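Just below is one structure, and these are the notes that go with it.
The values are calculated or read from the model by the stated rules, or taken from the named source; none is laboratory data. It should be emphasised that the depicted structure is a prediction, and the values quoted were computed from it without experimental measurement. Cβ placement follows ideal geometry from the backbone for every residue including glycine, while neighbour counts extend to all protein chains displayed.
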Amino acid sequence: MRIPRSRLLAAALALLVLPALAACGSSSGGGSTSAGSTSAGKLPAQLADGLTVGMDISYPPMEYYVDGTKPTGIDPEVAKAIADRLGVPLKLQNIGFDSLITSLQGGRVDMIVSGLKDTPERHQKINMVDYFRTTLGLIVKHGNPLHITSLASLCGHTAGQVSGTVTLTAVQNASKDCQGAPIKVLTFASNSDINLALKAGRVDANLEDFVSLSYVAKTSGGGQDYDVVPQPQLGTEYFGIGTLKSQPEVTAAVAGAFKQLLDDGTIARIYRKYDQPEAVPAQFLQNAGKD
């Protein structure tokens, strides 16, 4: 589930090499190790030339562009910290959200760090290291003129959703429970596209991760464009770092590096920088996502 998951750039699958994000403060406290080995274990051969990460760079504050060219946000910093800990260069590929898993399976990237929800369905396909804790919310027009407070109150209204997301399925399932008119669902390539449609009156709401929605509501139009309605009753969820189950050595190296970054406080420092201290997992988890 993903938002300013501009996204006009997300359609371009451009290879971006990030030689340094030091200015963002994303390197681990202990510094990087030499290539070929890591404190998380022996570096897998397929990572010797660098760690290639798939990311849909259109979802602030998780990942977004500064000045249209420079990727920034939580996910680029987490990816850079992992690469530093493994002692290899970081390469980012900007990939549309609904193509991230197939790009991983096709060998185009070594891992995914892109606000990808950990769900049982997804970790049947890939391994997921749970790196970010979140809840859901509904974004509506400022003042909430339609009084949308829950998925049930969306019945008879129009919801915008990004193709391939968990929230799309949640809204579709909620529509089946409507007693009267169902929820009309329009799908979009990005959450930024949905926000524009919401402002124009083409959709009435979008169910998404509260962290991203709150960022949009706070920054768009001086806070006068949108409101966010929290949906804590829908439960706590995790974003997962995705790696291939068929490459256990890569999975082990990435998971080991992230655990060290979690333990030494690097992850907490990154999340505090983006005002998301509550998103730090209380403990190291893998494949912990639930329906």
| From the list 163, 114, which residue is assigned by TED's automatic domain parsing to the domain that holds residue 218 and touching a helix residue (DSSP H, G or I) at 6+ places or on another chain (Cβ under 9 Å)? | 163
| said: What's the total number of residues in the stretch 254-267 that are touching a Leu at 6+ places or on another chain (Cβ under 6 Å) and either of a type in the set (S, T, N, Q) or under 18 Å from residue 88 (Cβ atoms) (or both)? | reply: 1
| task | Say whether the condition of being acidic (Asp, Glu), part of a loop (DSSP other than H, G, I, E, B) and modelled with pLDDT of 90 or more is met by at least one residue in the stretch 57-76. | result | no
| request: Taking residue 200 as the residue in question, decide whether it is touching a Leu at 6+ places or on another chain (Cβ under 6 Å), in the same structural domain as residue 172 (by TED's automatic domain parsing) and either modelled with pLDDT of 95 or more or surrounded by 15 or more Cβ atoms within 10 Å (Cβ to Cβ) (or both). | output: no
| query | Are any residues in the stretch 274-291 surrounded by 17 or more Cβ atoms within 10 Å (Cβ to Cβ) and more than 22 Å from residue 166 (Cα to Cα), and if so, which ones? | reply | 274
| Hits in the stretch 263-287 - residues which are part of a helix (DSSP H, G or I) and closer than 18 Å to residue 237 by Cβ | 267, 271, 277, 278, 279
| Matching residues, the stretch 89-136, being small (Gly, Ala, Ser), more than 13 Å from the chain's Cα centre (by Cα) and closer than 10 Å to residue 240 by Cβ | none
| Scan of the stretch 112-125 for residues that are crowded, with 24+ Cβ neighbours inside 10 Å and not in a loop (DSSP other than H, G, I, E, B), ordered by number | 112
| remark: Screening 243, 251 for residues that are in a helix (DSSP H, G or I), surrounded by 14 or more Cβ atoms within 10 Å (Cβ to Cβ) and of a type in the set (S, T, N, Q) leaves only 251
| request: For residues that are closer than 16 Å to residue 249 by Cα and touching a helix residue (DSSP H, G or I) at 6+ places or on another chain (Cβ under 6 Å), tally how many sit in the stretch 77-94. | output: 4
| Can you find even one residue in the stretch 206-218 that is surrounded by fewer than 19 Cβ atoms within 10 Å (Cβ to Cβ), within 20 Å of the chain's Cα centre (by Cα) and among the charged types (D, E, K, R)? | yes
| Qualifying positions in the stretch 88-106 - closer than 20 Å to residue 43 by Cα and buried (at least 21 other Cβ atoms within 10 Å of the Cβ) | 88, 90, 92, 104
| Of these, 140, 162, 109, which one is crowded, with 21+ Cβ neighbours inside 10 Å and modelled with pLDDT under 95? | 162
